[in-house]
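Contents: one structure, followed by commentary.
The values are calculated or read from the model by the stated rules, or taken from the named source; none is laboratory data. The structure presented is a predicted model; accordingly, all values stated were derived computationally and were not measured. Ideal geometry is used to build each Cβ from the backbone, glycine not excepted, and the neighbour counts take in all protein chains shown. Surface accessibility is based on the protein's heavy atoms, side chains included, excluding ligands, DNA and RNA. Shrake-Rupley method; radii C 1.70, N 1.55, O 1.52, S 1.80 Å.
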Amino acid sequence: MQAAAVAALTALSPFPTFADDSKETWRLFVADHTQPVVRALDAASGSELGRFDISGFAALSLSDSGKTVFAVQGDKDIVNVISTGIALSDHGEHRDIDVSEPKLLAGVINGKKPGHVVTHGDDVAIFYDRGGKTDVMRESALIEGKAEIVSLDTTAPHHGVAVPMGGNILVSVPNMSAEVKPDELPPRLGLRILDRSGRQLGDVAACTGLHGEATSARLVAFGCEEGVLVVRPAGIDGPKLKMLAYGDDLPEGKVSTLLGGKSMQFFLGNYGEDKVVLIDPDSKAPYRLVELATRRVDFILDPVNARNAYILTEDGKLHLLDVVSGKITRSATVTEPYSKDGHWRDPRPRLAVAGDRIAITDPRHSLVRMIATDSLEETATIPVEGQPFAIVAVGGSGAMH
């Protein structure tokens, strides 16, 4: 066949090939422990792609889409939004990746003591511990600079959370009958379901001391004193709630931090300081306890290798947990020991997964350590000025057009 004919057929084909146009890109966004700055780093080269000066110490929250990072500055009553410059889109037989410069979006979101930021699809909910409200908005509108913020009442100021779920918002409820000091916030007693206008649907579901939330598949889970409260989507009657009680087989403790599986429906939660639990919401025995040799510093799920979870303990060891078998299959020393004693906000390592490597901040040595997910061996270090602390990773592979 002549070359011209081949070129014509290629141009007309509905299934073009992308062998020479595929790209994998991963970026790290790192907040300093004391300085009001967030840095964007290229995970492969370690080069700094952007430095964003903000108002104060920031916790980082990555959106579901990976298009934005929320820099939550609770002490300054401000949330900044950073565009990651990474956009992945599905096209059936292939996925596209668009890469641009990361940037700090114009404007800030204000509210008294912003805490948890939760995204679900295009929905964003920002909960204000001392504001008595949660703000709900669209991520796509934020990126375009046209955000329309809807504020919903949260009964009273408290350290809580709001989670978008389809046409509803799941919101924590404070215990207003509890005795608290003037400078303290009331504890949580449960969860209520609101529609988008703020109208409550049904009764408050008991969830004492509600803390920690995560989404897996279409389920949302919350940590409680009694167990883990699981919310399932339903029809016109609204979401359905079920408490997974801890039961007598578990030692004393509770779940207060949760992670949700992406490719498989399950949750991973802490259980005290030296244990974690794997949670299967559909099992008659939903909890599998995993004991650790020392206290847990941080843990994370691998979004690509669905069986893998990584747990960093205070002795400086990183552990690979097989979430299917419930067994720790590999351990390696990756940092010096970082004790859990002291203030909860003291500088300690944090984890993020960037493709086939785990990024670990090491604030004591001003480094981000890159660890191979299979061997747990260090493959590179990235020097970062100051005390690198909170970290998120965003990226993936796709076709470039």
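Observations
- For the stretch 148-155, 3J(HN,Hα) per residue [Karplus equation, 6.51 cos²θ - 1.76 cosθ + 1.60, θ = phi - 60°, Hz, x = Gly/Pro]: 10, 8, 10, 9, 10, 6, 10, 6
- Measuring how big the stretch 140-251 is from its alpha-carbon positions, Rg and Dmax come out at 15.4, 52 Å.
- Here the Gaussian network model covers the chain, with springs between Cα atoms less than 10 Å apart; of Thr379, Thr257, Thr215, Thr379 fluctuates the most.
- Counted charge near Thr329, where neighbours are those whose Cβ lies closer than 12 Å (Asp, Glu -1; Lys, Arg +1): +1
- R0 of 25 Å, Cβ-Cβ distance Asp122-Glu179: FRET efficiency to nearest 0.05: 0.05
- Ratio of the Cα radius of gyration of the stretch 179-332 to 2.2 N^0.38 Å, where N counts its residues: 1.12
- The stretch between Leu201 and Asp96, if pulled fully straight at 0.36 nm per residue, gains 33.8 nm over its current Cα-Cα span.
- Inter-centroid distance (Cα atoms) of the stretch 174-240 relative to the stretch 343-387, Å: 34 Å
- Taken as Cα centroids, the stretch 281-323 and the stretch 104-131 sit 28 Å apart, rounded to the nearest whole angstrom.
- Loop sites by DSSP among the trypsin sites (Lys or Arg not before Pro) of the chain, restricted to those with at most 10 other Cβ atoms within 10 angstrom, leave 1-145 as the longest stretch without any of them.
- Approximate spin-label separation Ala245-Glu24, in nm, with each point projected 7 Å along Cα-to-Cβ: 4.7 nm
- Environment charge at Thr68 (Cβ cut-off 12 Å; Lys +1, Arg +1, Asp -1, Glu -1): -1
- The chain: C-alpha gyration tensor shape, a/c 1.5 cut-off, then a/b vs b/c: rounded
- The stretch 289-335: C-alpha gyration tensor shape, a/c 1.5 cut-off, then a/b vs b/c: prolate
- By the helix-only formula, in which each DSSP H run with n ≥ 4 contributes -39500 (n - 2.57) and the sum is divided by residues, the chain has a 222 nm mean residue ellipticity of -1000 deg cm²/dmol.
- Kirkwood-type radius of the stretch 44-188, with distances r between different C-alpha atoms, in Å: 16.5 Å
- Candidates Gly326, Gly132, Gly46, ranked by Gaussian network fluctuation over the chain, Cα under 10 Å, top entry: Gly326
- Seen against the Cα atoms of the chain and their longest principal axis, helix 3-12 is set at about 20 degrees.
- Computed from the Cβ-Cβ distance with R0 of 41 Å, the FRET efficiency linking Ala234 to Lys146 stands at 0.80.
- Note that the stretch 216-231 has calculated 3J(HN,Hα) couplings of 9, 6, 9, 9, 10, 10, 10, x, 9, 5, 7, x, 10, 8, 10, 10 Hz, one per residue in order, obtained from phi through the Karplus relation 6.51 cos²θ - 1.76 cosθ + 1.60 (θ = phi - 60°); glycine and proline are x.
- In the chain the longest region clear of GluC sites (Glu not before Pro) that are loop-assigned by DSSP and have at most 16 other C-beta atoms within 10 Å covers 274-376.
- Computed with a 1.4 Å probe over protein heavy atoms only, the accessible surface of the chain comes to 47 Å² per residue.
- Rounded, prolate or oblate (a/c below 1.5 giving rounded, otherwise prolate when a/b exceeds b/c) for the stretch 246-369 by Cα gyration tensor: oblate
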